[in-house]
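See structure below.
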Amino acid sequence: MDFSYSPRLAQLRESAVDLTRRIAVYEDECEADNGLSPQSRAALRRTVLASGLQAMNAPVEWGGAGLSWIEQVTVEEQLGTLTNGLWAAVWRPTAAALIASTPEQRERYLIPENRGERFGARAVTEPDAGSDPRRIATVAERSPDGYRITGEKWFVTLGDLADYLIVLAVVQPDGAPTMFLVDKDAPGVRLVDTPHYTHNFAYEHPHFAFDGVEVGHDAVLGAVGDGLALVQATFFEERVLVAAHAVGAAERALRLASDWARERVQGGKPIIKHQLIQAMLADSATDIAVNRMLVYRTAWEIDRGGDPKTLNAKVAMAKVSATEAAGRVVDRAVQIFGGRGYMRNNPVERLYRDVRVDRIWMGTSEVQRLMIANEIDKRGLPGLLHFPTASGPGGAAEPSGTNDTDKTNETLVEGAVR
Ligand SMILES: Cc1cc2nc3c(=O)[nH]c(=O)nc-3n(C[C@H](O)[C@H](O)[C@H](O)COP(=O)(O)OP(=O)(O)OC[C@H]3O[C@@H](n4cnc5c(N)ncnc54)[C@H](O)[C@@H]3O)c2cc1C
């Protein structure tokens, strides 16, 4: 085993630190204005392009950075130190588009996106379909030239920036969940609302309605009926990233809190000398160290390959563990700052609001636990707990025993992951 950074990873990490420093100058603007001006967006785009870290998940020949998972996690951890969701400024195409686009769709959407000329946003959630996307009511009725899409989508992150949406709809009369590439300026795409959220994020999460939007056959991403598998593939990727962000956010909060604890004198000594403060610092350092190991190990295993279902459960473990730990660490950091920790000009206060959503989006903590339990039920513990050996996957799976997992959860937690 070797837990050191290779020269390549160390260099990537340095590039990510540098890029993060350049993006951090927009934090105050983002907090004050709940977003970025068009000028700032344009400047950020140039900064990201100059770093070469745009579209990290896309192959180099398609204009991406072509990074492995361990490399992406190394970069994303740094980006996670940014407040106000500014990590989102380092754009990447959705996994669904990456996996399933045809050469024509690639030319039209993916390659321009990788160059930062077009942006997409994922539109899956609906008023009555969140954790369970099979409940979606958006339909795509077959029409002479393709499909007519009708429905409503909520919480579309980057929906303000995007010029196309990846929309999950049920093809009728087949009843087949399918993803569609829909241009945002297509007739019938309507912005319904731009709600405010707990965080002041770099971009918006608007709600959209689709009033009989006509799209061609060439708008189908993958095949008719592939929609849920593509949603799973997208979540798989996003969960790894959010886990990496959580580690970075937690470390920034702890760094600021420990510096403050050294500086702040109360009760006749710096507060870092008070044992109750020490306990909070020690617990936070432990939370970060444990989760950094888990997130990097998970990324390393994805690069290495393995049973996709077990990897899916491992990613769930990393997501639930790292995001819940970040919540604890940032909460302690606020406490260590006292009243100053509750002020919005303090990055710790902003991280406190920022990291809360990580336990909700891309699959809630409860859904992640269902996925982990499902893996234990079906394939046993070794795949989750043991290190793989160099010659093959982790120890042989235990007999799975009776498999009475209810079908609802089964569909929710499994499916294609890559
Ligand atoms: C800021 C933000 C940005 C988002 N961005 C996007 C986006 O870009 N695209 C998109 O499509 N969606 C997006 N979402 C939606 C997000 O993915 C959903 O909010 C999330 O999946 C949860 O769905 P829900 O809110 O409907 O909650 P629900 O599914 O209604 O869940 C409510 C509660 O019930 C629990 N629960 C649900 N099912 C079970 C179960 N089977 N067992 C036990 N507990 C259960 C949940 O864990 C939760 O605690 C975003 C959400 C937010 C807040």
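Criterion applied to Glu204, Glu126, Glu113 was being within 29 Å of Arg350 (Cβ to Cβ), within 11 Å of the ligand (Cβ to nearest atom) and either open to solvent by 20 Å² or more (accessible area, probe 1.4 Å) or not polar (S, T, N, Q) (or both), and the one residue passing it is Glu204. Residues that are modelled with pLDDT under 95, surrounded by fewer than 20 Cβ atoms within 10 Å (Cβ to Cβ) and assigned to a helix (DSSP H, G or I) occur at least once in the stretch 293-305. In the stretch 243-251 there is no residue matching the filter, namely being more than 30 Å from Ile277 (Cα to Cα), under 16 Å from the mean Cα position of the chain (by Cα) and touching a residue at least 12 places away in the same chain (Cβ under 8 Å). The residues of the stretch 169-195 that are under 19 Å from Glu104 (Cα atoms) and not small (Gly, Ala, Ser), listed by number, are Thr178, Met179, Phe180, Leu181, Val182, Asp183, Lys184. Among the conditions (1) out of contact with any strand residue (DSSP E or B) (no Cβ under 6 Å at 6 or more places or on another chain); (2) open to solvent by 40 Å² or more (accessible area, probe 1.4 Å), Arg190 misses just one, which is (1).
From the list Ile70, Ile23, Ile99, which residue is in contact with a Leu (Cβ under 8 Å, 6 or more places away or on another chain) and modelled with pLDDT under 95? Talk me through it step by step, then tell me what you get.
Details: Ile70 fails: modelled with pLDDT under 95; Ile23 fails: modelled with pLDDT under 95.
Exactly one of Ile70, Ile23, Ile99 is in contact with a Leu (Cβ under 8 Å, 6 or more places away or on another chain) and modelled with pLDDT under 95, namely Ile99.
Ser40 - would you say it is open to solvent by 40 Å² or more (accessible area, probe 1.4 Å), farther than 25 Å from Ala233 by Cα and among the small types (Gly, Ala, Ser)? If you could, list the steps in order and put the result at the bottom.
Working: open to solvent by 40 Å² or more (accessible area, probe 1.4 Å): no; farther than 25 Å from Ala233 by Cα: yes; among the small types (Gly, Ala, Ser): yes.
Judged against the criteria, Ser40 is not a match.
For the stretch 262-289, the set of residues classified as open to solvent by 50 Å² or more (accessible area, probe 1.4 Å) and either touching a strand residue (DSSP E or B) at 6+ places or on another chain (Cβ under 8 Å) or in a loop (DSSP other than H, G, I, E, B) (or both) consists of Arg262, Glu263, Arg264, Gly267, Gly268, His274, listed by residue number.
The residue of the stretch 146-173 that is farthest from the ligand (Cβ to nearest atom), among those that are part of a loop (DSSP other than H, G, I, E, B) and more than 20 Å from Asp132 (Cβ to Cβ), is Pro173. When Val247, Val231, Val240 are checked against the criterion of being among the aliphatic types (A, V, I, L, M), in contact with a helix residue (DSSP H, G or I) (Cβ under 9 Å, 6 or more places away or on another chain), within 15 Å of the ligand (Cβ to nearest atom) and open to solvent by less than 10 Å² (accessible area, probe 1.4 Å), a single residue qualifies: Val231. Checked across the stretch 252-261, the condition of being more than 13 Å from the ligand (Cβ to nearest atom), under 30 Å from Leu281 (Cβ atoms), assigned to a helix (DSSP H, G or I) and touching an Asp or Glu at 6+ places or on another chain (Cβ under 7 Å) holds for no residue.
In the set Gln72, Gln54, only one residue is in contact (Cβ under 8 Å) with a residue 60 or more places away in the chain, more than 16 Å from the ligand (Cβ to nearest atom), assigned to a loop (DSSP other than H, G, I, E, B) and not assigned by TED's automatic domain parsing to the domain that holds Val215; that residue is Gln54. Only one of the numbered conditions (1) part of a loop (DSSP other than H, G, I, E, B); (2) crowded, with 18+ Cβ neighbours inside 10 Å is violated by Ser131, and that is (2). Residue pairs whose Cβ atoms lie under 6 Å apart, sitting 6 or more positions apart in sequence or on different chains, and linking a residue in the stretch 355-374 that is open to solvent by 30 Å² or more (accessible area, probe 1.4 Å) to a partner that is more than 10 Å from the ligand (Cβ to nearest atom), are Arg359/Thr323.
Yes/no per residue for (1) open to solvent by 30 Å² or more (accessible area, probe 1.4 Å); (2) more than 16 Å from the ligand (Cβ to nearest atom); (3) charged (D, E, K, R); (4) in contact (Cβ under 8 Å) with a residue 40 or more places away in the chain:
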| position | (1), (2), (3), (4) |
| --- | --- |
| Ala50 | yes, yes, no, no |
| Pro59 | yes, yes, no, no |
| Leu79 | no, yes, no, yes |
| Leu86 | no, no, no, yes |
| Thr94 | no, no, no, yes |
| Ser101 | no, yes, no, yes |
| Glu107 | yes, yes, yes, no |
| Glu117 | yes, yes, yes, no |
| Ser143 | no, yes, no, yes |
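Have a look at Asp183, Asp259 and point out the one that is open to solvent by 20 Å² or more (accessible area, probe 1.4 Å), closer than 28 Å to Val329 by Cα and free of Cβ contacts under 8 Å to residues at least 40 places away in the same chain. None of the others qualify; the one that does is Asp259.
Filtered by the rule that a residue be among the aliphatic types (A, V, I, L, M) and surrounded by fewer than 19 Cβ atoms within 10 Å (Cβ to Cβ), the stretch 207-223 gives Ala209, Ala223.
Among Asn346, Asn312, which is the only one that is assigned by TED's automatic domain parsing to the domain that holds Gly383, open to solvent by less than 40 Å² (accessible area, probe 1.4 Å) and within 16 Å of the chain's Cα centre (by Cα)?
Asn312
The values are calculated or read from the model by the stated rules, or taken from the named source; none is laboratory data. Since we're looking at a predicted model, the values are computed, not measured. For neighbour counting, all protein chains shown are included, and Cβ atoms are generated from backbone atoms with ideal geometry for every residue, glycine included. The protein model used for the area step is the full one, side chains on, heavy atoms only, and it has no ligands, DNA or RNA in it. Shrake-Rupley method; radii C 1.70, N 1.55, O 1.52, S 1.80 Å.
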